[in-house]
Amino acid sequence: MTYKTRFAFLMNRAKDIARHAHMSSPRADLPCLYFFTDPVRTPHPEDIAAHLPEGSAIVYRHFGDRHAPAHARVLHGLAKEKNLYLLIGNDAELALEVGAAGMHLSESHLKDAVNLRTLYPALCLTGACHKAEALKQTEITALDAIFVSPVFPSHSLSAVGKPALGLKGIEEVCALSPVPVMGLGGITADNAHLLSQSGLSGFGAIDAFKP
């Protein structure tokens, strides 16, 4: 299966999930499909980004890479060319420098959400949530969406030692969250259909986009 065919299939799955979302986003252009980069698992994210379907998103997590500005500029160029969203992880300076559509905050950076929303109201802001307690933070309401993980068993370092939420867990999170919920962790082309009635507004993935 080619990149184009597989990614189009993922987008269709994401759209189907979003049609049954528990909560609508006030941002009409909020993507429902997200490619999360990882410097180890996706060392050349531009190769994947070049084939992403229009309207999907790239979440560039550089984790301190000294070449991050150059990589971010390449991804921004692809985003403009292909009508993609580019979100930068935890780095407002870099997001503004390259003209990204927004930022993605790790769970430890959720505390910055309110300040970022005040300073940069036009930016799209998403955040990560690995435990239900994080949903109680007042900062959550400053986000456009929250990513909960792991939905299914995952190879991600952030998911190590954490039990998968499963469908019941996802439904409970969607009912509790004050903002739209996206899924992350272990989601593939083979199991994404299981989330169609979960209440999620879409999903992100790493391995599902790998060759």
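Within the stretch 61-77, is even one residue closer than 21 Å to Pro121 by Cα and touching a Pro at 6+ places or on another chain (Cβ under 8 Å)? The answer is no, given that none of the residues of the stretch 61-77 is closer than 21 Å to Pro121 by Cα and touching a Pro at 6+ places or on another chain (Cβ under 8 Å).
Per-residue answers, yes or no, for (1) farther than 17 Å from Phe35 by Cβ; (2) without any contact (Cβ under 8 Å) to a residue 40 or more places away in the chain; (3) touching an Asp or Glu at 6+ places or on another chain (Cβ under 7 Å):
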site	(1), (2), (3)
Val114	yes, yes, yes
Ala122	yes, yes, no
Glu139	yes, yes, no
Phe147	no, no, no
Ser154	no, yes, no
Met182	no, no, no
Gly186	no, yes, no
Phe203	no, no, no
Ala208	no, no, no
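You will find that of Gly161, Gly186, Gly166, the residue that is at positive phi, buried (at least 19 other Cβ atoms within 10 Å of the Cβ) and either at pLDDT below 95 or of a type in the set (Gly, Ala, Ser) (or both) is Gly186 and no other.
Within the stretch 98-108, being open to solvent by 30 Å² or more (accessible area, probe 1.4 Å) and touching a Leu at 6+ places or on another chain (Cβ under 8 Å) holds for one residue alone: Ala101. For the stretch 84-97, residues that are in a helix (DSSP H, G or I) and surrounded by fewer than 21 Cβ atoms within 10 Å (Cβ to Cβ) total 5.
To keep it simple, each residue is scored yes or no on (1) in a helix (DSSP H, G or I); (2) touching a strand residue (DSSP E or B) at 6+ places or on another chain (Cβ under 9 Å); (3) of a type outside the set (Ser, Thr, Tyr).
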position	(1), (2), (3)
Leu135	yes, yes, yes
Val151	no, yes, yes
Ser154	no, no, no
Lys162	no, no, yes
Glu171	yes, no, yes
Ile187	no, yes, yes
Asp190	no, no, yes
His193	yes, no, yes
Leu200	no, yes, yes
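For the residues Glu81, Glu54, the requirement of being closer than 26 Å to Tyr3 by Cα, at pLDDT 95 or above, open to solvent by 60 Å² or more (accessible area, probe 1.4 Å) and not in a helix (DSSP H, G or I) singles out Glu54.
Checking Val40, Val74 one by one, the residue that is on the phi < 0 side of the Ramachandran plot and not in a loop (DSSP other than H, G, I, E, B) is Val74 and no other. Restricting the stretch 173-185 to residues that are part of a loop (DSSP other than H, G, I, E, B) and among the hydrophobic types (A, V, I, L, M, F, W, C) leaves a set whose member that is nearest to Ile17 (Cα to Cα) is Leu184. Regarding the stretch 119-131, can at least one residue be identified that is at pLDDT below 95, under 17 Å from the mean Cα position of the chain (by Cα) and open to solvent by 20 Å² or more (accessible area, probe 1.4 Å)? Checking the stretch 119-131: at least one residue is at pLDDT below 95, under 17 Å from the mean Cα position of the chain (by Cα) and open to solvent by 20 Å² or more (accessible area, probe 1.4 Å). Filtered by the rule that a residue be open to solvent by 10 Å² or more (accessible area, probe 1.4 Å) and within 12 Å of Gly199 (Cα to Cα), the stretch 16-42 gives Asp16, Ala18, Arg19, His20, Ala21, His22, Met23, Ser24. Taking the options Thr126, Thr118, name whichever one is in a helix (DSSP H, G or I) and closer than 17 Å to Val179 by Cβ. The match here is Thr118. Considering the conditions (1) at pLDDT 90 or above; (2) polar (S, T, N, Q); (3) open to solvent by less than 30 Å² (accessible area, probe 1.4 Å), Ser156 is excluded by exactly one of them, (1).
The values are calculated or read from the model by the stated rules, or taken from the named source; none is laboratory data. Note that the structure is a prediction, hence the values are computed from the model and not measured. Every residue, glycine among them, receives a Cβ derived from its backbone with ideal geometry; neighbour counts consider all protein chains shown. Please note that ligands, DNA and RNA were not included when accessible areas were found on the heavy atoms of the full protein model with its side chains. Shrake-Rupley method; radii C 1.70, N 1.55, O 1.52, S 1.80 Å.
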